[in-house]
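For reference, the structure discussed in these notes is given below.
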Amino acid sequence: MTKPLGQAFETLSVETRGPGLADQTAAIASWLARVGAQDGLLTLFIRHTSASLLIQENADPDVHTDLLEALERLAPRGRAYVHDVEGPDDMPAHIKAALTATSLAIPVKAGRMVLGTWQGIYVVEHRDRPHRREVVLHFLGTLGG
């Protein structure tokens, strides 16, 4: 017998500390357990234009360092950007967010995200100052059990 589909929504608040990757994997897994997610699709969406979402290496922090340095080379601070009202880190942050992702789709099977062994889910802060970021979580699939 097939279970009926259901859905659940949540907004995850993430306090960042300036440029870097903030691991949200455990918080998202905990939410899936709380709502009784079984089999379906998890969609994540960040509600900002100067931060992003990534699925990235969770074992070696050097990967995060190299990734942030590569993004900095692609969109460096100190260039003469037309949009500079919010400071010298703002336009580079918009470019970095455009090069990465604002949404992710992750399959869920038997209540667990189907991530690879070394994959974690991260909010990437591209601005220099700490910020409060919001990530909308949406699960569509079977619930309960």
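The values are calculated or read from the model by the stated rules, or taken from the named source; none is laboratory data. Predicted, not measured: the structure shown is a model, and the values here were computed from it. A quick note on method: Cβ atoms are made from the backbone with ideal geometry, for glycine too, and the neighbour counts reach across all protein chains shown. Accessible surface is based on the protein model in full, side chains and every heavy atom, while ligands, DNA and RNA are left aside. Shrake-Rupley method; radii C 1.70, N 1.55, O 1.52, S 1.80 Å.
Of all residues in segment 125-145, those being touching a strand residue (DSSP E or B) at 6+ places or on another chain (Cβ under 7 Å), more than 13 Å from ALA110 (Cα to Cα) and surrounded by fewer than 14 Cβ atoms within 10 Å (Cβ to Cβ) number 2. Of all residue pairs spaced 6 or more apart or on separate chains, those with beta-carbon atoms under 6 Å, a first member in segment 70-92 that is closer than 15 Å to ARG127 by Cβ and a second member that is of a type in the set (A, V, I, L, M) are ALA75/ILE95; TYR81/MET91; HIS83/MET91; PRO92/ALA75.
For PRO61, the criteria (1) open to solvent by less than 50 Å² (accessible area, probe 1.4 Å); (2) within 19 Å of the chain's Cα centre (by Cα); (3) at pLDDT below 95 hold in every case but one, which is (1).
Counting only residues that are more than 18 Å from the chain's Cα centre (by Cα), aliphatic (A, V, I, L, M) and under 26 Å from LEU41 (Cα atoms), segment 84-132 holds 1 of them. For segment 4-22, give me each residue that is in a loop (DSSP other than H, G, I, E, B) and either in contact with a Cys (Cβ under 8 Å, 6 or more places away or on another chain) or open to solvent by less than 70 Å² (accessible area, probe 1.4 Å) (or both). Answer for segment 4-22, where residues must be in a loop (DSSP other than H, G, I, E, B) and either in contact with a Cys (Cβ under 8 Å, 6 or more places away or on another chain) or open to solvent by less than 70 Å² (accessible area, probe 1.4 Å) (or both): THR16, GLY18.
Within segment 32-40, is there a residue that is farther than 18 Å from PRO107 by Cα, at pLDDT 95 or above, of a type in the set (Gly, Ala, Ser) and surrounded by 14 or more Cβ atoms within 10 Å (Cβ to Cβ)? Within segment 32-40 (the criterion being farther than 18 Å from PRO107 by Cα, at pLDDT 95 or above, of a type in the set (Gly, Ala, Ser) and surrounded by 14 or more Cβ atoms within 10 Å (Cβ to Cβ)), the answer is no, since none of the residues qualifies.
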